[in-house]
Amino acid sequence: MGTFAFLEKALAKITTNTLNFSCASCSGAELPYNLLLLLMRTTLHRVGIAKTHHELVSSPLPRWFEVLLTEKFFNACIIHEEEKKNEKNIFCLDCCTSICPHCLSLHNSHRLLQIRRYVYHDVIRLDDAAKLVDCDYVQPYITNSAKVVFINQRPQTRLRSSGNICNTCDRALQDSYLFCSLSCKINYLLSIQGGFSKFFFECKYLPLPESGI
Ligand SMILES: [Zn+2]
Ligand SMILES: [Zn+2]
Ligand SMILES: [Zn+2]
């Protein structure tokens, strides 16, 4: 497959599956930062310029966070295809990958993040998120009596709300919040010089909750 065919295929996939975003000033299609970076890396690797995805383009973000933003959760685990409850609903920060509950024994001492679904999108508990990143001004939602935050922004209709909206994606928010999701906050911080330097916290220990897998 030629370089451009690959790029076109990847772009088509991204555009149809996940992206409904558009540039605020020109209404042209816009890729979120993390997906674009991923695409660049993969392409450089594909065409042989870089030996690995990471060789040429280095991101200012920790790898685990980049992967968290782009990872697909709730697919069946390939290793545990035959098992029941094999949805990949856990993110291992140390391995930077999504895993299913049957995979847990291999990640015993690793930092693990429970991923949940809320209105068909991936969320994490605010308590967990707040150990890893600065969640200030990210609007939490309540599901199953737990406060959660969205990992990524959600596609939406074009109608602009007249009230308080997300600084990055224009989604309507309650008054005291600036961002609808962690990705909208980091995208905003990346646009300000040095903006994200205080976003990430050092977290050495992150266990799953006792119940609720
Ligand atoms: Zn598994
Ligand atoms: Zn692991
Ligand atoms: Zn947003």
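Laboratory data are not the source of any read-out in this text; all were calculated from the coordinates shown. Just so it is clear, the structure is predicted and the values come from calculations on it, not from any experiment. Virtual Cβ from ideal backbone geometry, glycine too; neighbours counted across all protein chains shown.
Need one word for region 56-146: rounded, prolate or oblate. Basis is the Cα gyration tensor (sqrt eigenvalues a ≥ b ≥ c); a/c below 1.5 gives rounded, then a/b vs b/c decides. It is oblate, given that a/c is not under 1.5 and a/b is not larger than b/c.
Separation of the alpha carbons by more than 24 angstrom is noted, of Lys131/Lys185; Lys72/Lys185; Lys85/Lys131; Lys85/Lys204; Lys88/Lys147; Lys72/Lys198, for Lys85/Lys131; Lys85/Lys204; Lys72/Lys198. Annotation: amide H-H contacts under 5 Å for Asn89 (H modelled 1.01 Å from N, sequence separation of 5 or more, or interchain): Phe74, Ile99.
Just to verify a number: FRET efficiency for Leu39 and Gln193, C-beta to C-beta distance, R0 = 22 Å, to 0.05? For Leu39 and Gln193, the calculated efficiency is 0.35.
Loop-located trypsin sites (Lys or Arg not before Pro) across region 102-196 with a Cβ neighbour count of 15 or fewer within 10 Å are Arg158, Arg160, with loop assigned by DSSP.
Find the relative contact order for region 149-213 and round it to a whole percent, using C-alpha pairs within less than 8 Å whose residues are 6+ positions apart.
Taking the mean separation of contacting Cα pairs over the length of region 149-213, I get 25 percent.
Projecting label points 7 angstrom from Cα along Cα→Cβ for Gln156 and Tyr205 puts them 3.9 nm apart. Label region 125-213 by shape, choosing from rounded, prolate and oblate, from the square roots a ≥ b ≥ c of the eigenvalues of the Cα gyration tensor; if a/c is under 1.5 it is rounded, and otherwise prolate applies when a/b is larger than b/c, oblate when it is not. Oblate is the answer for region 125-213, as a/c is 1.5 or above yet b/c matches or exceeds a/b. From the alpha carbon centroid of region 72-109 to that of region 173-200 is 29 Å. Hey, rough spin-label estimate for Thr143 and Thr97, points 7 angstrom out along Cα→Cβ, what's it come to in nanometres? Here the answer is 2.5 nm between the modelled labels.
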